[in-house]
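Structure record follows, encoded as structure tokens.
The values are calculated or read from the model by the stated rules, or taken from the named source; none is laboratory data. Keep in mind it's a predicted model, so treat the numbers as computed, not measured. Neighbour counts are summed over all protein chains in view; Cβ atoms, including those assigned to glycine, are modelled from backbone coordinates with ideal geometry. Protein only, heavy atoms only, side chains kept; ligands, DNA and RNA dropped before computing areas. Shrake-Rupley method; radii C 1.70, N 1.55, O 1.52, S 1.80 Å.
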Amino acid sequence: MTAQSRETTLPTGPRPGSVRGWKATIAVAMSNYIEAGSIIALATSLTLWQEYFGFSNWMVGLVAAVSANAFGAAVGAMIGGPLGDRYGRKFIYTYDLILYMVGTLLVVFAGQAWMLLLGVILTGIAVGAGVPVAWTYIAEQAPHAHRARHVGTAQLAWSLGPAVVFAIATALVPLGLLGTRIVFAHLFVIAFITWWVRRGLAESSIWAEQKRKRDSAAAEGAPVQHRGPKELLSHPRNLKALLFLIGVYALWNTVAGQMGIFMPRVYETAGVASAAGQNLLQVLLWTMTVVATYFGFMLLGDRIDRRLLYGIGAVLGILAWVLLVFVHVTTPLLILFAVVWGVAAGIGAQAFYALWTAEMFATPYRASAQGVVFFVARIAVGVLSYFFPTLLAAQGVPFVGGIMIALLVGALLIGVIGAPDTRGKTLEQIEVERYGQRVDA
């Protein structure tokens, strides 16, 4: 057999362009499963890593702050968003999960603190680069009448990640740190399968159309303007939308970010001593998020007033923390908290942020806008994450709960007042309404 014939028989993955429709949506949405799974894998293991390496609470805060939950993802978003607008959505998917797999392997085999820290940073950068572009790609490829349903698939994957990882972590509690390494190994396997399937993705049709126009204009000698982050941040329409979305998502996500990484510690402070009990509460919470995402956001987001749906989710989120802070903590109360917050998260700010960001920006800015808002939100999470373990230990649940409630009230008011009227409209139609014309790349 010749070298050339051997090359043609080697498996190279799906044929480019062969993965389309719902299969493409699911493949891209897995960025969210991997991101959320990474956060929860670290959340369930922070105490074990702290004991293994002798970390202080401040060091725990630092590891959390540079992870996929905060600064690591923030840096990745600022890299991936602009690159996705400049070189295409599929460009990001060629490389992001390779970096992620390197990071997870470092954590799986971490024998020294620097390996854990570097692995956490790399996984954070990788998911930060991939998640905003994932939301952009899904929205651009979705039928306009079912855009919320398709974007909701990413939210569904984001909810499934914690539900599955908490369940696995609970089953592996007897194995201690070895169980944690197995959890991260499972994320490596999921990432590899996802990367393999994504090789068959087609490029976003909207982005590809604009690239063809740009290339045609360049071939005819016409000047070509590359719209980048500078124009994104200077255009009045863009700036107003960015401020609105930061108010909606950054405030809410600062709360969700602490819950994602530190909620087991909150349960411990509230009296749930066993790791298995803490994890089971989180399994319940995230299972409710999965249910609410499907029956709430995915089935209703294209059919009823989105301002109303967003408001319901935001009010439920506030109610959950009011219960935790102001009502005597018992096991039934913690179960009620998990159910109420789980439902709130399913129809909450993250799903609407992903949808509204795709709708409120023209194609040349869309992925960059996702990256900017994601960056700001994760920086906010990272700042609070650095102090959160110490504040929780020193001041208790009522103090940190008051901070959470204040942030959630802000997100409620901004989202309800500023919710855009975009339901049922094509992205092109929304673009003309917002900018007065189509914005060429």
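Taking 418, 61, 130 in turn, the Gaussian network model of the chain (Cα-Cα springs below 10 Å) assigns the largest fluctuation to 418.
For the peptides 274-280, 328-334, what is the packing order when you average, over each peptide's residues, the other Cβ atoms within 10 Å and list the highest mean first?
Details: 274-280: 18.4, 328-334: 12.7.
Most protected by this proxy first, the peptides run 274-280, 328-334.
Two decimals, Cα atoms only, Kirkwood Rh: what is Rg/Rh over segment 306-441? Here the Rg-to-Rh quotient is 1.07. Between the alpha-carbon centers of segment 355-426 and segment 26-61, tell me the distance in whole angstrom. Using only Cα atoms, the two centres lie 20 Å from each other.
Accessible area ranking (1.4 Å probe, heavy atoms, ligands and nucleic acids excluded), largest first, for 52, 137: 52, 137. Looking at segment 365-441, the pairs of alpha carbons with a distance over 13 Å make up 79% of the total.
Using the Cα gyration tensor of segment 238-303, with a ≥ b ≥ c the square roots of its eigenvalues, what is the shape: rounded (a/c below 1.5), prolate (a/b larger than b/c) or oblate (neither)? Write down the numbers at each step before the final one.
On the way: a/c = 5.01, a/b = 1.54, b/c = 3.25.
Oblate.
Ordered from largest to smallest accessible area (heavy atoms of protein chains, 1.4 Å probe), the residues 146, 235 come out as 146, 235. Cross-link reach is defined here as a Cα-Cα straight distance under 15 Å, omitting same-chain residues fewer than 8 places apart; for residue 211 the aspartates and glutamates meeting it are 85, 140, 203, 220, 440.
Quick one: net charge around residue 427, please, counting Lys, Arg +1 and Asp, Glu -1 for every other residue with C-beta under 13 Å from its C-beta. Each step should come with its number before you reach the end.
On the way: positive: 147, 366, 423, 425, 434, 438; negative: 140, 209, 359, 428, 431, 433.
Spelling it out: positives minus negatives among the neighbours equals 0.
For residue 165, the shell of other residues with beta-carbons less than 15 Å away shows a net charge of 0, using +1 for Lys and Arg and -1 for Asp and Glu.
Relative to 2.2 N^0.38 Å, what does the C-alpha radius of gyration of segment 156-216 come to as a ratio? Two decimals please. If you can, show how the numbers build up before the last one.
Working: Rg = 18.8 Å, N = 61, 2.2 N^0.38 = 10.5 Å.
Computed over Cα atoms of segment 156-216, the ratio equals 1.79.
So how much slack lies between residue 393 and residue 230, counting 0.36 nm per residue of separation and subtracting their Cα-Cα distance, in nm?
Values: separation 163, 0.36 × 163 = 58.68 nm, distance 4.22 nm.
Length difference between fully extended and current span is 54.5 nm.
Here the accessible area of the chain is 68 percent carbon and sulfur, with a 1.4 angstrom probe and all protein chains present. Using the Cβ-Cβ distance between residue 220 and residue 102 with R0 set to 51 Å, the FRET efficiency works out to roughly 0.75. Probing with 1.4 Å while keeping every protein chain in the model, the per residue accessible area of the chain equals 39 Å². On full extension, the segment bounded by residue 114 and residue 146 gains 7.0 nm, given 0.36 nm per residue less the C-alpha separation.
Cβ-Cβ distance of residue 171 and residue 192, R₀ of 22 Å, FRET efficiency by 1/(1 + (r/R0)^6): the value works out to about 0.50. Counting Lys and Arg as +1 and Asp and Glu as -1 over every other residue whose Cβ lies under 15 Å from the Cβ of residue 116, the net charge comes to 0. Distances over 19 Å make up what percent of all Cα-Cα pairs in segment 149-254? Distances greater than 19 Å cover 72 percent of the Cα pairs. The mean of 1/r over all pairs of different alpha-carbon atoms in segment 90-212, once inverted, gives a Kirkwood hydrodynamic radius of 16.0 Å.
Once the convex hull of all Cα atoms in the chain is built, its volume per residue stands at 146 Å³.
What is the percent of Cα-Cα separations in segment 194-346 that go past 23 Å?
Numbers: 6809 of 11628 pairs.
Counting every Cα pair in segment 194-346, those more than 23 Å apart make up 59 percent.
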